[in-house]
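What follows is a single structure, written as C-alpha cells, with notes after it.
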Amino acid sequence: MLPFIVIALLSAVLQFFLPWWSIAAVAFGVCFWRSQTGWRAFGNGFLGVAVIWFFYALVIHLQTDGILTARMAGLLLKTRSSIPLLLLAPLVGGLVGGFAGLAGQQVRTVLAANRSSTLKRV
Amino acid sequence: MKIAIAFLCCLISIGLTVSLNRQWGVVPAFGRLLSPFEGFWQNAETKDAASEQHISIKGTRDEVTVLFDDLHVPHIFARNDYDAYFAQGYVTAQDRLWQMEFQTHAAAGRLSEVIGERALELDRDKRRLGMAYGAEKSLAGMLADSATRLVLEAYTAGINAYIAQLKPARYPIEYKLLGYAPEPWTPLKCAFLLKQMTQTLAAGADDLLMTNVRQKLGAELTANLFPDYPFKEDPIIPVGTRWDFKPVKIPSMPASTETDSSFALNWPRHDPAIGSNNWAVGPEKSATGYPILANDPHLTLSLPSIWYQIQLVTPTLNVYGVSLPGAPGVVIGFNKEVAWGVTNVGADVLDFYRIRFRDNRQQEYWHDDKWKPVRRRIERIKVKGQPDVVDTVLYTHHGPVAYLPDEKPFLANIPTGYAVRWIAHEVDNGLKTFYLLNRAKTYDDYVTALSFYAAPAQNFVFANAAKDIAISPNGRFPLKWRAQGKFLLDGTKAANDWQGWIPAGHNPRVKNPPRGFVSSANQFSTDPTYPYYINWEFETPDRGMRINQRLAAMQRVTVDSMRRLQNDVYNHQASTFLPVLLPRIRENDLSENQKRALQTVRQWNYQQDTATVAGTIFMEWMGHLERAIWGDDLPESPGRPMRFPNASRTLQLLSEEPDSRWFDDVRTANRHETIQDAVTVSFQHTVDSLAKQHGPLGKTWAWADHKKTGVRHLIPGLDAFSALNVQVGGGSGIVNAAGRRAGPSWRMVVQTGPQVRAYGVLPGGQSGNPGSPYYLNMLETWRKGELYELLYLQSVPQKHPRIQSTLTLTR
C-alpha cells in the first residue's frame, strides 16, 4: 500500500513541473526502494500513475462539459463516447508506470542477490 | 538469469516510455498527448467565468483593459494606439495562435517544415509564385509609413508577449497533434497573411485555358463564345452613372498578341462560391431615416473561423468589426460615424508572359529587342525529418518564372516557362486603408482611405450617419488595352507589358445614386462605358440581380429585412434557365421516374431551401447540361485543359440561338442533335445519376442532404474538429451562398445613426480551440440565419450584463 501512495502523490506533484515521463522515474525509484514481488511492483506502478491520471482527466472532463474529450474520442478512437478515452489515458500512463515499477523491483533483486552472494563469500 | 530478466524489464520500460514520447510520422506522441498534465486535456476550456485577471507584461506603455463579452469578443480599452494593437495581438494569439501561424506558414511555403514531404509541392508552388518576394515588398510599404509601422510593431510585440509566457502544456492542440512548437511572430508574417488573401481572391487566371480554346476554335468563335461583356448584366456602378474624370491615355492593342501554348496540366476548378455580397440602403429607403449597411464575405467555410471579432477603443479610435488573425486592425466593421464592408472585385491582375531565354543557362532573356539579365532567388525549403530542399527561382522584370519547360507544374493556371506578372509583387500598404477606415468620420475620409489600397481589389461599400452611401470597386488596376491578359502574352514585346496604372481617382465609384441603394455581388464593376479595362469576365450576375430586384422593391427597410435578404435562397439562375429549358424537354422520351422528376421541377418556386428536391435536380442538371452542349466541342485532354463558356453565354445560346451548331454532338457522325436532344438527354442523365446516388425520387434527394455543407478544420481530414452536413439552404450563385465548402464567413448588418446598432454572426466562434465552448457556439445561429447584437461600448462600464470577464495588462 505504501509504495502505491508514494508513487501516486510524488508523481502527481512532479508532473506539474516535469515532463509526463517523470512518472516512469518515480515508479522505478519507489519500487527499487521498496517492493516485495514483481507483480506487486507492477501493480503499484500501474495503479499509482493510472489513478492520478484517471481522476485528473475526469475532473477536467467534468469541469469542461467534456467538449474536447468528445472531439478527441472521435479523432483517436472514432467513437462518440468519451468513456473509452477516459479509460485509455490511465491505461497508457499505467503501463508506463507499471513497467517502470517492475524494472525497479527487478534491478533491486539483482543488486540484492549480488550483495548477498558477496557476503556469503566473505 | 536474474540479470537478463532485470535487463529485459528495463528495456521494455525505457522502450515504452521513449516510443510514447515521440511522433511517429502522422501518429502523435501518445504518452504526452494523453497525459492530463500536459496533453490535450490541458486544452479543455470552460466558459468565461466572472473573473478579473491581471497580467503584468513587458511591452505595454500604459494599463490596458480587455473586457470579454458573452460571445468571447474582446473589447480593448487602451490609452494609446500602441497599447491597443499590442493588446489585439495578445488576445488574438490567446484565441488563434495555431491558426495565425499555420496560415502564414502556408503562405510562405513552409508547410513541409511542419508536416513533412507531403507538402513539398505546395510549398514549392508558393515560392515560385513569389509569395515571399511579394510579402517582402508589402512589408517595405507598411514599414515606410510611420502609422502602419507602429501598428505592425505593436501587434507583433503583443503576439510575442503571449508566446513568451506560454508553457508547452498550453500549446494549442494542433501543435500537440502535429508535434511542433510556435515560433516568434514577425511583421513579415502579417505581410504573408495579406498575400495569402490576395492569392485566394486575385490569383485566379484562365489565360492558359483561354489560349487553348482559341487554338481549338480560332479567334472569331472564341470571341463569340467568350464575350467581354455578358448579354444580361446589372453592374455594380448603376448603368447611366457619369464618370467625373478625364481618362488618361489608354495603351493601344498591338497588332499581334498571339502566343501558342499547350501543357500537361491538372485543373483545380475555381469555386464560384468564393465571392461576397454587400449593400447599403440610403436614408429614404430606411425605416429610421439613416442608412443601413450589410456585408457577407463568402470564403471557404473553415475552422478555426476565418474572422475574429474585436473592438478597439483609444482616445482617438472606437472601432468594432472583424479582423483577420495575423493582421492588425479591423477589416470589415463600423465606428460611431461610419460603416464599411467589402466584396471581391475579381480584376485581372495576374498575367503570364512567355519568356525566351538566350540559352539553357537561363541567364538572359529577350525583351524589347535586348537581352536582359535574369535574377536568381534561392528558396530554401525545410522538410521535417529530411534534408532541406533548395530551389532557384528565376526573376524577370515581369516577375518570377513560375515554371520552366521541363518541369511538371503544380497548378493548372500556371503555364510552364512563363513569368507571372502579379499585383501582389508590388510595393503596397493595404494596412493603411484599414487604419484610416477604422478612424473615418466622413465620406471624404473613406475616399482618402481607399486611395492607398492595392490588392486584392475589393468593392468597398460605405454608409454613414451623415446619410451618405457609396460603393467603389477599388484597388490598384493595371492600365491595359481591352482584354489584355485574357490569353497568354508574349513576354519579348514591350508593348505587351503593363503600361502603368489606372489613377486611383479614376477607380469606379458612386455616391448616393438616385435609386437609393448601392450593392455588389462580384458581378461586373461597370457597364462598357467605363473607359478602362478591369476584366473580361466576372461572377455570374445572378446574386447581384436578385439583390438589386429586392432592394429596388423594398421600402422602410429595417435591420431585420436586411438580415432576411442575406438569407434569401431564391435561385435566380433557375428562374432564368428553367423557363427556357422546360419547354425543350421531349417528355415522351422520359422514363416514369424521370417524368416524376420533371413534374417536381415544373412545380418548383425556385426556393433553394434545405428540403427542396427540385433544387437538387436543377443544380445537378446545370453541370450535365453544360457538358452536353460544350463537352464535345471543347474536350478536356490531359495535355490541353479547356474551359466552357460561362453560364450567361449558355443561357444566351439556349434562349436566342436555339438552332445553333453547338447543340450538335460532333462525336456522333451520322446524327444531328438539336437543342431538344441536349436538354432531354442531360435531364435524363441528371435524374438517373441522382437515383443511383440517393435511391428513388423522394426525401433523400433533399438539397441540404445532397449538398452536405461542411465547416472544416484547416487540417484536412480532421472531421472530429469539423461541423459536417450542416442543414442549410442556398448555395453557389444564390444570395445565401452557403455551398458545399464555401459560404458566408461573416454576416453583418449595421444601422447607422446617432446611436449606431450592429448585428453579426460567424459560422463558428471566436475561439480557435476545439476544446473551447466558443469554438462552434455561433454555428447554429448562423445556420438559422439569425444575428447577434454586437456589443459596441463607449467606455469601460461599471457593470454590464453581457461582460463576462476582465483581463488587465500592465507594465
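Quick check on region B:183-205: of everything there that is assigned to a loop (DSSP other than H, G, I, E, B) and touching a Ser or Thr at 6+ places or on another chain (Cβ under 9 Å), which residue is least open to solvent (accessible area, probe 1.4 Å)?
B:TRP185
Can you say whether B:VAL248 is surrounded by 13 or more Cβ atoms within 10 Å (Cβ to Cβ), assigned to a loop (DSSP other than H, G, I, E, B) and aliphatic (A, V, I, L, M), as far as the supplied structure shows?
For B:VAL248, the condition - surrounded by 13 or more Cβ atoms within 10 Å (Cβ to Cβ), assigned to a loop (DSSP other than H, G, I, E, B) and aliphatic (A, V, I, L, M) - is met.
Considering only region B:324-384, give the strands (runs of 3 or more DSSP E) lying wholly within it that have at least 3 residues that are in contact with a helix residue (DSSP H, G or I) (Cβ under 9 Å, 6 or more places away or on another chain) and more than 30 Å from B:LEU436 (Cα to Cα).
By residue number, B:350-354, B:375-383.
Restricted to region B:638-655, and to residues that are in a loop (DSSP other than H, G, I, E, B) and open to solvent by 10 Å² or more (accessible area, probe 1.4 Å), which residue is farthest from B:PHE618 (Cα to Cα)?
The selected residue is B:GLY639.
Quick check on my filter: what residues within region B:723-759 are open to solvent by 10 Å² or more (accessible area, probe 1.4 Å), under 20 Å from the mean Cα position of the chain (by Cα) and hydroxyl-bearing (Ser, Thr, Tyr)?
Passing the criteria: only B:SER732.
Would you be able to tell me the number of residues in region B:20-45 that are more than 7 Å from chain A (Cβ to nearest Cβ) and either without any contact (Cβ under 8 Å) to a residue 40 or more places away in the chain or not in a helix (DSSP H, G or I) (or both)?
Qualifying residue count, region B:20-45: 9.
Exactly one of these conditions fails for B:LEU150: (1) touching an Asp or Glu at 6+ places or on another chain (Cβ under 7 Å); (2) open to solvent by 20 Å² or more (accessible area, probe 1.4 Å); (3) within 20 Å of B:VAL420 (Cβ to Cβ). Give me its number.
(3)
Which of the helices (runs of 4 or more DSSP H) found entirely inside region B:556-612 contain at least 1 residues meeting this: over 30 Å from B:GLN755 (Cβ atoms)?
The helices (runs of 4 or more DSSP H) meeting that bar are B:572-581, B:592-602.
B:ALA49 - would you say it is out of contact with any strand residue (DSSP E or B) (no Cβ under 6 Å at 6 or more places or on another chain), open to solvent by 10 Å² or more (accessible area, probe 1.4 Å) and assigned to a helix (DSSP H, G or I)?
no
Would you check if B:ARG110 is of a type in the set (Lys, Arg), open to solvent by less than 10 Å² (accessible area, probe 1.4 Å) and touching a strand residue (DSSP E or B) at 6+ places or on another chain (Cβ under 9 Å)?
no
Inspect all residues belonging to region B:699-715 and state whether any of them is in a helix (DSSP H, G or I), more than 24 Å from B:GLN573 (Cβ to Cβ), open to solvent by less than 20 Å² (accessible area, probe 1.4 Å) and out of contact with any Ser or Thr (no Cβ under 7 Å at 6 or more places or on another chain).
No, region B:699-715 has no match at all.
Name the pairs whose Cβ atoms lie under 6 Å apart, with the first residue in region A:88-117 and at negative phi, the second of a type in the set (S, T, N, Q) and in a helix (DSSP H, G or I), and 6 or more positions between them or separate chains?
A:VAL96/B:THR17; A:PHE99/B:SER13; A:ALA100/B:SER13; A:GLY101/A:ASN44; A:ALA103/B:SER13
In this structure, does B:PHE524 turn out to be touching a residue at least 60 places away in the same chain (Cβ under 8 Å), within 30 Å of B:GLY731 (Cβ to Cβ) and open to solvent by 10 Å² or more (accessible area, probe 1.4 Å)?
Yes, satisfied.
Could you please find all residues in region B:106-122 being closer than 18 Å to B:THR200 by Cα, in a loop (DSSP other than H, G, I, E, B) and more than 20 Å from the chain's Cα centre (by Cα)?
B:ARG110
Can you confirm whether B:TRP536 is open to solvent by 20 Å² or more (accessible area, probe 1.4 Å) and either part of a strand (DSSP E or B) or among the aromatic types (Phe, Trp, Tyr) (or both)?
no
Filter region B:1-19 for residues that are of a type outside the set (A, V, I, L, M, F, W, C) and within 7 Å of another protein chain (Cβ to nearest Cβ); which is farthest from A:ALA73 (Cα to Cα)?
Applying the filter and picking the extreme gives B:LYS2.
Is it the case that region B:580-591 has a residue that's in contact with a helix residue (DSSP H, G or I) (Cβ under 7 Å, 6 or more places away or on another chain) and buried (at least 19 other Cβ atoms within 10 Å of the Cβ)?
There is at least one residue in region B:580-591 that is in contact with a helix residue (DSSP H, G or I) (Cβ under 7 Å, 6 or more places away or on another chain) and buried (at least 19 other Cβ atoms within 10 Å of the Cβ).
How many of the residues in region B:11-33 are at pLDDT 90 or above and farther than 19 Å from A:LEU91 by Cα?
So the answer is 1.
Collect the residues in region B:419-452 that are closer than 23 Å to B:VAL510 by Cβ and assigned to a loop (DSSP other than H, G, I, E, B), keeping them in residue-number order.
Passing the criteria: B:ALA440, B:LYS441, B:THR442, B:SER451, B:PHE452.
Any residue in region B:59-74 that is within 14 Å of chain A (Cβ to nearest Cβ), over 36 Å from the mean Cα position of the chain (by Cα) and part of a loop (DSSP other than H, G, I, E, B)?
Within region B:59-74, not a single residue is within 14 Å of chain A (Cβ to nearest Cβ), over 36 Å from the mean Cα position of the chain (by Cα) and part of a loop (DSSP other than H, G, I, E, B).
Scan region B:296-327 for residues that are within 14 Å of B:ALA87 (Cα to Cα) and open to solvent by 10 Å² or more (accessible area, probe 1.4 Å) and jot them down.
B:VAL313, B:THR314
Taking the condition of being surrounded by 13 or more Cβ atoms within 10 Å (Cβ to Cβ) and either at pLDDT below 95 or among the β-branched types (Val, Ile, Thr) (or both), how many residues in region B:206-229 meet it?
Going through region B:206-229 one residue at a time, the tally reaches 13.
Got a sec? Which of B:TYR180, B:TYR229, B:TYR155 is in a loop (DSSP other than H, G, I, E, B) and within 27 Å of B:ASN459 (Cβ to Cβ)?
Exactly one residue qualifies, and that residue is B:TYR229.
Determine whether B:VAL338 is touching a Gly at 6+ places or on another chain (Cβ under 7 Å) and under 28 Å from B:TYR453 (Cα atoms).
No, not satisfied.
Find the helices (runs of 4 or more DSSP H) located wholly in region A:13-122 whose residues include 2 or more that are within 7 Å of chain B (Cβ to nearest Cβ) and modelled with pLDDT of 95 or more, and list them.
A:38-63, A:67-77, A:83-121
Of all residues in region B:743-787, how many are in contact (Cβ under 8 Å) with a residue 60 or more places away in the chain and β-branched (Val, Ile, Thr)?
Adding up the residues that qualify gives 4.
Right, B:THR92: touching a Pro at 6+ places or on another chain (Cβ under 8 Å), within 19 Å of B:GLU153 (Cβ to Cβ), modelled with pLDDT of 95 or more and more than 14 Å from chain A (Cβ to nearest Cβ) or not?
For B:THR92, the condition - touching a Pro at 6+ places or on another chain (Cβ under 8 Å), within 19 Å of B:GLU153 (Cβ to Cβ), modelled with pLDDT of 95 or more and more than 14 Å from chain A (Cβ to nearest Cβ) - is met.
Output yes when any residue across region B:551-569 is closer than 26 Å to B:ARG740 by Cβ and open to solvent by 50 Å² or more (accessible area, probe 1.4 Å), and no when none is.
Among the residues of region B:551-569, at least one is closer than 26 Å to B:ARG740 by Cβ and open to solvent by 50 Å² or more (accessible area, probe 1.4 Å), which makes the answer yes.
Could you please let me know if B:LYS493 is over 24 Å from the mean Cα position of the chain (by Cα) and either within 27 Å of B:THR752 (Cα to Cα) or open to solvent by 30 Å² or more (accessible area, probe 1.4 Å) (or both)?
yes
The values are calculated or read from the model by the stated rules, or taken from the named source; none is laboratory data. It should be emphasised that the depicted structure is a prediction, and the values quoted were computed from it without experimental measurement. Quick reminder, even Gly has a Cβ in these numbers, built from the backbone with ideal geometry, and neighbours come from all protein chains shown. Please note that ligands, DNA and RNA were not included when accessible areas were found on the heavy atoms of the full protein model with its side chains. Shrake-Rupley method; radii C 1.70, N 1.55, O 1.52, S 1.80 Å.
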